[in-house]
Amino acid sequence: MQAQLIVYQPTGPYVIKAGKHVGKVLELLMFEDYGWLRWMLQLLNEKSKGEKNELHLHLEWLLARGEDRQPIMLCPHCSQRLVECFSMLYSHGGDFSIGKDFVSCRQCVDRVKDMAIGRQPQILPLRFSVMNHFRSNTDRRRVAGLFRTVFGLPDRLSKQEAFRFFNTTEPCTE
């Protein structure tokens, strides 16, 4: 007997029913508390005995979708290709430089590195999993703001806008 492949396709945003984030929507937590989502998925993976509830399926789907979103912002250095990465340069005080001027396509990454003037910035992909790189809430909010910019999202996302962003294969332009 061959195992059936189950393809999960949500019909709307998932609202958390209990715990720390009760009443919040998973899609908005991608921008607010990505680490908690990863932790919850790990916990569900450890506790499930092959059976996955809707929360488990939705988290797997959502975290995978956070890795394949396509930016709509053109590279500010060549104005020809879409941005694919951003640079992060820590200062001596522990803060870091980040913003739309520090994004680029793969071909223009050296131009961004040159902006560091003798220092070596980290080049990170525009994927939600990079949120795990940042420890403080302030840093994660700054990265989330950059993501909203490069993906063409409003500063204040509704749960439906966030769901649409993760559920579509087309760039969000609303």
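Annotations for the structure displayed:
- Note on the stretch 85-154: Cα-Cα pairs beyond 16 Å make up 45% of the total pair count.
- The stretch 85-154: relative contact order as a whole-number percent, Cα under 8 Å and 6+ apart: 34 percent
- Electrostatic dipole magnitude of the stretch 85-154 [Cβ: Lys, Arg +1; Asp, Glu -1; Cα centre; debye, to 20]: 200 debye
- Listed peptides 24-31, 64-71 by packing density, highest first (mean Cβ within 10 Å): 24-31, 64-71
- Extreme residue, positive dipole direction of the stretch 85-154, given options Met88, Val130, Ile98 (C-beta unit charges): Val130
- Computed from label points 7 Å out along Cα-Cβ, the spacing between Gln80 and Glu161 is 3.3 nm.
- Equivalent ellipsoid, the chain (semi-axes from 5 times Cα gyration tensor eigenvalues, Å): 32, 18, 16
- Protection proxy ranking of 119-125, 32-38 - average other beta-carbon atoms within 10 Å, highest first: 32-38, 119-125
- Fully extending the segment from Glu46 to Tyr8 would add 11.7 nm, taking 0.36 nm per residue of separation and subtracting the current Cα-Cα distance.
- Charge context of Asp101, other residues only, Cβ under 14 angstrom, K/R +1, D/E -1: +3
- In a simple Cβ point-charge model (Lys, Arg +1; Asp, Glu -1; nothing else charged), the chain has a dipole of about 260 debye relative to its Cα centre.
- Every helix of 4 or more DSSP H residues in the chain counts as -39500 (n - 2.57), and over all residues that averages to -10500 deg cm²/dmol at 222 nm.
Taken together, the values in this text are just the output of simple stated rules run on the coordinates, not laboratory data. Remember, it's a predicted structure, so these values are computed and weren't measured experimentally. Positions of Cβ are generated from backbone atoms using ideal geometry, with glycine treated the same way; all protein chains shown enter the neighbour counts.
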